[in-house]
1. Regarding S148, is this residue hydroxyl-bearing (S, T, Y) and part of a loop (DSSP other than H, G, I, E, B)?
2. So in segment 75-97, with the set limited to residues that are under 19 Å from the mean Cα position of the chain (by Cα) and within 10 Å of the ligand (Cβ to nearest atom), which one is farthest from I145 (Cα to Cα)?
3. So in segment 105-117, with the set limited to residues that are within 13 Å of the ligand (Cβ to nearest atom) and out of contact with any Pro (no Cβ under 9 Å at 6 or more places or on another chain), which one is nearest to Q152 (Cα to Cα)?
4. Which pairs do you get when a residue that is at pLDDT 95 or above, found in segment 30-57, comes within reach of a residue that is of a type in the set (K, R), reach meaning Cβ atoms under 6 angstrom, with the pair 6+ apart or on two chains?
5. Among the residues of segment 118-153, write down those that are more than 11 Å from the ligand (Cβ to nearest atom) and small (G, A, S).
6. List the number of the failed condition for A78; all other conditions in (1) over 30 Å from V124 (Cα atoms); (2) without any contact (Cβ under 8 Å) to a residue 40 or more places away in the chain hold.
7. On the given criteria, is A36 assigned to a helix (DSSP H, G or I) and of a type in the set (G, A, S)?
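The values are calculated or read from the model by the stated rules, or taken from the named source; none is laboratory data. Note that the structure is a prediction, hence the values are computed from the model and not measured. Positions of Cβ are backbone-derived with ideal geometry, glycine not excepted, and every protein chain shown enters the neighbour counts.
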Amino acid sequence: MSPPLDSCPALVLNADFRPLSYFPLSLWSWQDTVKAVFLDRVNIISVYDRVVRSPTAEIRIPSVISLKEYIPATRRPAFTRFNVFLRDHFCCQYCGEPFPTQELTFDHVIPRSRGGRTTWDNVVTSCSACNLAKGNRLPHVCGMIPLSPPFQPTVFQLQENGRAFPPNFLHESWRDFLYWDTELDPF
Ligand SMILES: [Zn+2]
């Protein structure tokens, strides 16, 4: 039985055959993938056992593609909530516990009311309980000091952290291109 079309995303590799991004994993819908194939922007590395037909052409849906032109990584990652969580491995920097994204918030190490700024080096991942417990107090006053001092990460560091979080769905044709921090299954 062939898989439904909407569960046929393509893993997108850069021209150096590494994923464009690990977390989230760089995936394109089959429509975008097929369009890129016809525009001659990608090489097909591997395909699904599934064919789509137009009046003039027939194509097996690619499962792995690589870009023909290399896209250099941007040097500075975006300062977003998600990237702060990723930098901190989705762990509260006060109690050290991991939490799902929706249960995390971020905390100003030097509170804003004390002149602390919303920057990479003053914001850490926090669970709601620790965030509430710390309130507007300074770290050395309340004894809540971040487990790792906050810093501006590089794109490379965030990519490395993302490798620790394999997505739920992995097509077998992707395995060869992904290096997770988990142990590789022997075949
Ligand atoms: Zn906590």
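1. yes
2. Here is the first cut: in segment 75-97, the ones under 19 Å from the mean Cα position of the chain (by Cα) are 75-92.
Okay, now just the ones that are also within 10 Å of the ligand (Cβ to nearest atom), so 91-92.
Working: C91: 14, C92: 11 Å.
Within segment 75-97, the match that is farthest from I145 (Cα to Cα) is C91.
3. Looking only at segment 105-117, we keep the residues that are within 13 Å of the ligand (Cβ to nearest atom), and these are 105-107.
This time we only want the ones that are out of contact with any Pro (no Cβ under 9 Å at 6 or more places or on another chain), so: 105-106.
On the way: T105: 18, F106: 15 Å.
Only one residue fits best here, namely F106.
4. R41/K68; V47/R60
5. We begin by selecting, within segment 118-153, every residue more than 11 Å from the ligand (Cβ to nearest atom); these are 118-123, 135-143, 145, 148-153.
The answer is G135, G143, S148.
6. (1)
7. Numbers: assigned to a helix (DSSP H, G or I): yes; of a type in the set (G, A, S): yes.
So A36 fits the description; yes.
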